[in-house]
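Structure, as structure tokens:
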Amino acid sequence: MYIAESGGRRIRCVDLEANTIRTIAGTPEDGAGAAFDEPCSLAAHPSGLYAVDSKSMFWILQVGNSGRFLVAEVAGLSVIKRPISIACYSSQSFVVADGESKKVYRVDISRHMAITGLTFSQKRFEMEIDVPCEVIQAIVAPKGVVGLEFSITPELCAGLSLDADTGCISGVPTELGEWSYVITAGNAGGSARARLTISTSESVPCSIAYEVSPYDGGLNFTIGQEAAHKALVDPLWVSLCFTVSHRLPRGLTINPSTGVISGAPLDDVPEKGERSTYSVTAYNSSGQVQTDVLLILRPDMVKIRAQRRKVNAENAKLREEQRYRAGYMTLTGSATPYSNSARVYAKKMAEAEAVAAELKGGRDVIWK
């Protein structure tokens, strides 16, 4: 039970079970700094305990986190000269009897409640750029105050915004850095300030990968033909730089911003046995990830088939000429004039057949 003690200029609380009485407001030891002239009436409300003072303005009393009662004056009620009684009317208003005008006034609690404190859940908030941040909600005291207008100095970093009506900070930060801000909330009854720090950093990369062939597990390129293989990054929005462990084959490059490996490999491929595995690293200021890729260079089969057809045609022509020479020498019975020519044709045939065999038996060149 609460008692307005007019003579003692204080508010008392009576514990009927413990049979004790204590002062909750109106004296220096309560920590609230209330200085009542003549408290004469009280009204309990879900948002706090309300008292009227017959010689001054209204006062709001509300329990704080420490268990003490916080005190704040209700502003903007100068029309009431000598309040003598107060009672709750609804969840958002109460009625007050004025002894001087002999009238009963209905007062909207939230409209006339002065703000006494402004805080946030923490003093420092850390965010990742290009990632929607959790809404930073302002906490005002006493609860239920309306008509507040919020402002912040200096201006918020790029991508973030302050709701002037609710004090919420939200958005997607887009720049790196650390900033200190002062947020002010005020209404007709007064204002309160709070400080907070916002720090942004780049998102930490989780993984990177490339879409490899299901048959050989590598990135396939054909000699002389343009191709590209994209890097798959998790999370998708993270900004990264890409490097490769050692020089790629001639004609191939890696994009340092996207990780795409692209190009047209040149004909002068290395000999077999060279290294084929490359380590691709993706990094930013928050961390790095790495993956191994296998590059496979395949010959241009269209070009090879055209070369084979050309060699086969030349071989057929040489064989026809050789048969003609051999038949002519048999008919004339003279082998001496054409013996040297036969040896030359036989040598050319052997060379042509060797080239054809080499092309026919050629395998994919793996560039490591």
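What follows draws every value from the coordinates through simple rules; no lab data is involved. Here the structure is a predicted model, which means the values were calculated and not measured. So basically every Cβ, Gly included, is an ideal-geometry build from the backbone, and we count neighbours across all protein chains shown.
Annotations for the structure displayed:
- Highest to lowest packing among 313-323, 90-100, scored as the average C-beta count within 10 Å: 90-100, 313-323
- Cα-centred dipole magnitude for region 188-317, charges only on beta-carbon of K, R (+1) and D, E (-1), debye, nearest 20: 300
- Compactness of region 117-201, expressed as Rg and Dmax over alpha-carbon positions, Å: 12.7, 39
- Zero-based 5 Å bins, Cα pair distances in region 207-298, whole percents: 3, 13, 26, 25, 17, 9, 5, 2, 0
- The label point for Arg106 and the one for Val204, both projected 7 Å from the Cα toward the Cβ, are 5.7 nm apart.
- Cys206, Cys13 arranged by Cβ crowding within 10 Å, fewest neighbours leading: Cys206, Cys13
- Most to least packed among 173-183, 192-202 [average Cβ atoms within 10 Å]: 192-202, 173-183
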